[in-house]
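Contents: one structure, followed by commentary.
The values are calculated or read from the model by the stated rules, or taken from the named source; none is laboratory data. Treat the numbers as computed from the prediction; the structure is a model and nothing was measured. In this analysis, Cβ positions are derived from the backbone assuming ideal geometry, glycine residues included, and neighbour counts consider all displayed protein chains. Quick note on the areas: whole protein, heavy atoms, side chains included, nothing else; ligands and nucleic acids left out. Shrake-Rupley method; radii C 1.70, N 1.55, O 1.52, S 1.80 Å.
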There are 2 protein chains.
Amino acid sequence: MTQTGSTLSTEQAQPAQTAAAAGHAASAALIALDWGTTSLRAYLFDANGAVLETRASTAGIMNLPRPAAEGGFDAAFDAVVGAWLDRAPELPVIAAGMVGSAQGWKEAPYVNAPASADALVDGIVRVQTARGVPLNIVPGVLQNGELPNVMRGEETQIFGALACAEPSAAGKGLLIGLPGTHAKWVMVRDAKIERFDTFMTGEVFAALSEHTILGRTMLTPDQPDTDAFLRGVRVARDKGKAGVLATIFSTRTLGLTGQLAREQQPDYLSGLLIGHELSGLEAALAQQQSTLAGSALQLIGNEALCERYRLALAQFGCHQADLVKQATERGLWRIAAQAGLVSEASGAAQAT
Amino acid sequence: MTQTGSTLSTEQAQPAQTAAAAGHAASAALIALDWGTTSLRAYLFDANGAVLETRASTAGIMNLPRPAAEGGFDAAFDAVVGAWLDRAPELPVIAAGMVGSAQGWKEAPYVNAPASADALVDGIVRVQTARGVPLNIVPGVLQNGELPNVMRGEETQIFGALACAEPSAAGKGLLIGLPGTHAKWVMVRDAKIERFDTFMTGEVFAALSEHTILGRTMLTPDQPDTDAFLRGVRVARDKGKAGVLATIFSTRTLGLTGQLAREQQPDYLSGLLIGHELSGLEAALAQQQSTLAGSALQLIGNEALCERYRLALAQFGCHQADLVKQATERGLWRIAAQAGLVSEASGAAQAT
């Protein structure tokens, strides 16, 4: 895993989302980073936990502006948050995501599941940046066993989602889905990440579409074909006994037999894979005497993708799947507050 | 699907396998072609159905020496069997495989399952070659329905395998596995291809190894690691409820947690996928009141791969899986004989 020397491309700073853009330097209280494999997103918070400003860059840990050994992490850090720190050099800085992996800036060893927010705070690892500011890195979570599971970044989003969840729901067990390249399904109980599964749905979809025979007959439609998607979901749910290795071939054979147009094949395949993911999740839930239909759940992630999951979940009888917005920001703020990086009180109602 | 202009590379003719190399021109009775997507293999038979000579080329239908519209099929045909036809211009020629697909020389429409050898014979399509010899193309088999399945080439191998199967076994139902890029599992009953499933196991393994995060931590071992393979099979069998999209991630996480060396990861992943394939097959068999443990079955294909499947099948309680050799040659001969291209009698015992 070598780092590329590709240049850092910093996006324009976004307009402030929840506070006036002018005069925020005085009230800034925290810088928080969501630092993944292929991207780096920075948030500037005021003392109330409101986002003043965000910045984004492609300088993920595998895409640093120069090699890590030559100060690549510092360079990426400075390019994204240097201006904020120039204005307010004493701001605390927190980060979550792959920046704490073995390939990151400094490894923040996994905390074992079940994991509370306190355990994450206890596991924070500090790295001294070249400009002297310490960077507080939130650890990921490991569920060890015969089929280990790991997350880095999602734990922070989950505690962000819990910040606005009903306490009762958290008590009886809340299922949180994080669709994406490696989709996670996380059971939270008593304010702890209790257990979770990882489904490589997004990455498998890309690999099948781009690198197998299934892609050869596919055409990307102008817009997503919901009917084809739902057809795939239902086939996985009702006819999926032989497993995903068998059903995916129907993407091709339905085309060969004139039952699925080329433009329908991508959404059909996507539906098949998400349907198999939910069938697998249903089977895992059954071992815990639970079902998708009986679960209240939350979704975190890209809105369009979460909407596809909501449609698919409805095919499994689950009609209560709420999209949680700004889970990353909320989670970073909450963990920083719990770690004492910002005043606990400042997370509450009024600004001073 | 465009044809490349890559040059035809004809291998050295192999030594005759079952007949004296000398003087065979006089006794040659049939030319048979196994013409797939990426390869073309030719067999010269004597009047007893013994193989006198074989030739192989990379001129599969997607790899013709020149475009199809510019005589690419004829060029490939001449390069491989021209010398045989120069010596014996009247020889009948039969072919099976993708040469009969919509992208082939001439489409031989699928025969519907359940399909007998007679139905295949009735579906033979003839194309006139430039040198005037007619080429008889065996059709593939289609099992239509909500999850259609197709085969081209395997139907011929199956009837080759049946040529040496116990008649009793064929009567009560014989399960035939054809491992490979797109593995087929075929139920044969009353000398008909009754139903079948396709598992994209080989192609998915390649796509996951080469084009997903799983490949990043893998190292190819000097020799296959049977323990790692069997571990994967057992995980799929016993812990695979969440499905293959979930279990494959353990290839990475077992590595991250120091439980699976990089050199073990390819065989572990292969075991996982084949284990999921057999679990899926078991579930499909259950719908027909059958089990893998209770099945006598045959395997057709690459010997090393079939041996891996035998090991995996034993984990599912199936200890009777016989490897069928030369199924392709036997099948081509049998269908040619049944089609009257060679004298029926000449398939029997003695040479003249």
Q: Take A:G72 and decide whether it is in contact with a Leu (Cβ under 6 Å, 6 or more places away or on another chain) and of a type outside the set (F, W, Y).
A: yes
Q) How many of the residues in the stretch A:128-141 are open to solvent by 20 Å² or more (accessible area, probe 1.4 Å), on the phi < 0 side of the Ramachandran plot and not charged (D, E, K, R)? A) 3
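Under the condition of being among the polar types (S, T, N, Q) and either under 14 Å from A:L178 (Cβ atoms) or touching a helix residue (DSSP H, G or I) at 6+ places or on another chain (Cβ under 6 Å) (or both), which residue from the stretch A:292-303 is least open to solvent (accessible area, probe 1.4 Å)?
Here is the first cut: in the stretch A:292-303, the residues among the polar types (S, T, N, Q) are A:295, A:298, A:302.
Applying the additional criterion that residues be either under 14 Å from A:L178 (Cβ atoms) or touching a helix residue (DSSP H, G or I) at 6+ places or on another chain (Cβ under 6 Å) (or both) yields A:298, A:302.
Details: A:Q298: 25, A:N302: 99 Å².
Looking at residues that are among the polar types (S, T, N, Q) and either under 14 Å from A:L178 (Cβ atoms) or touching a helix residue (DSSP H, G or I) at 6+ places or on another chain (Cβ under 6 Å) (or both), I get A:Q298.
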Q) For the stretch B:76-100, what are the residues that are open to solvent by less than 20 Å² (accessible area, probe 1.4 Å) and part of a helix (DSSP H, G or I)? A) B:A76, B:F77, B:V80, B:V81, B:G82, B:W84, B:L85, B:V99, B:G100
Q: Report, by residue number, each residue of the stretch B:281-305 that is out of contact with any strand residue (DSSP E or B) (no Cβ under 7 Å at 6 or more places or on another chain), under 25 Å from B:Q157 (Cα atoms) and not hydrophobic (A, V, I, L, M, F, W, C).
A: B:E282, B:Q288, B:S290, B:T291, B:G294, B:N302
Q. Going by the conditions given, is A:W185 more than 26 Å from A:I31 (Cβ to Cβ) and either modelled with pLDDT of 95 or more or small (G, A, S) (or both)?
A. yes
Q.
Of the conditions (1) more than 27 Å from A:P179 (Cβ to Cβ); (2) open to solvent by 10 Å² or more (accessible area, probe 1.4 Å), A:P114 satisfies every one except a single condition; which number is it?
A. (1)
Q | Hey, A:G271 surrounded by 23 or more Cβ atoms within 10 Å (Cβ to Cβ) and more than 10 Å from chain B (Cβ to nearest Cβ) or not | A | yes
Q. When the residues of the stretch A:200-214 are filtered to those that are closer than 16 Å to A:G280 by Cβ and more than 7 Å from chain B (Cβ to nearest Cβ), which remaining residue is farthest from the chain's Cα centre (by Cα)?
A. A:F205
Q: Output the residues belonging to the stretch B:179-191 that are more than 10 Å from chain A (Cβ to nearest Cβ) and open to solvent by 10 Å² or more (accessible area, probe 1.4 Å).
A: B:P179, B:G180, B:M187, B:R189, B:D190, B:A191
Q: Output the residues belonging to the stretch B:275-291 that are touching a Leu at 6+ places or on another chain (Cβ under 9 Å), open to solvent by 10 Å² or more (accessible area, probe 1.4 Å) and assigned to a helix (DSSP H, G or I).
A: B:H276, B:E282
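Here are A:G255, A:G173, A:G202: which of them is closer than 17 Å to A:I274 by Cβ and among the small types (G, A, S)?
Working: A:G255 fails: closer than 17 Å to A:I274 by Cβ; A:G173 fails: closer than 17 Å to A:I274 by Cβ.
Within the list A:G255, A:G173, A:G202, the selection yields A:G202.
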Q.
Just the residues that are open to solvent by 60 Å² or more (accessible area, probe 1.4 Å) and assigned to a strand (DSSP E or B), please, taken from the stretch A:321-341.
A. A:D322
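May I ask you to list the residues in the stretch A:32-52 that are open to solvent by 30 Å² or more (accessible area, probe 1.4 Å) and in contact (Cβ under 8 Å) with a residue 40 or more places away in the chain? It would help to see each step written out before you state the result.
Residues of the stretch A:32-52 that are open to solvent by 30 Å² or more (accessible area, probe 1.4 Å), as a first pass: A:34, A:37-39, A:41, A:47-48.
Matches in the stretch A:32-52: A:D34, A:T37, A:R41, A:A47, A:N48.
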Q | Selection count, the stretch B:215-246, where residues are over 28 Å from the mean Cα position of the chain (by Cα), surrounded by 23 or more Cβ atoms within 10 Å (Cβ to Cβ) and in a helix (DSSP H, G or I) | A | 1
Q | Among the residues listed as B:C306, B:C318, the single one being out of contact with any helix residue (DSSP H, G or I) (no Cβ under 9 Å at 6 or more places or on another chain) and open to solvent by less than 10 Å² (accessible area, probe 1.4 Å) | A | B:C306
Q.
Step by step: first the residues of the stretch A:252-268, then only those that are at the interface with chain B (Cβ under 10 Å from one of its Cβ atoms) and assigned to a helix (DSSP H, G or I), then the one that is farthest from the chain's Cα centre (by Cα). Which residue is that?
A. A:L256
(Q) Against the conditions (1) in contact with a strand residue (DSSP E or B) (Cβ under 8 Å, 6 or more places away or on another chain); (2) surrounded by 21 or more Cβ atoms within 10 Å (Cβ to Cβ), where does B:E194 fall short? Just the number, please. (A) (2)
Q) Assuming B:R66 fulfils every condition listed in (1) open to solvent by 40 Å² or more (accessible area, probe 1.4 Å); (2) of a type outside the set (D, E); (3) in contact (Cβ under 8 Å) with a residue 60 or more places away in the chain; (4) assigned to a helix (DSSP H, G or I) apart from one, which condition is it? A) (4)
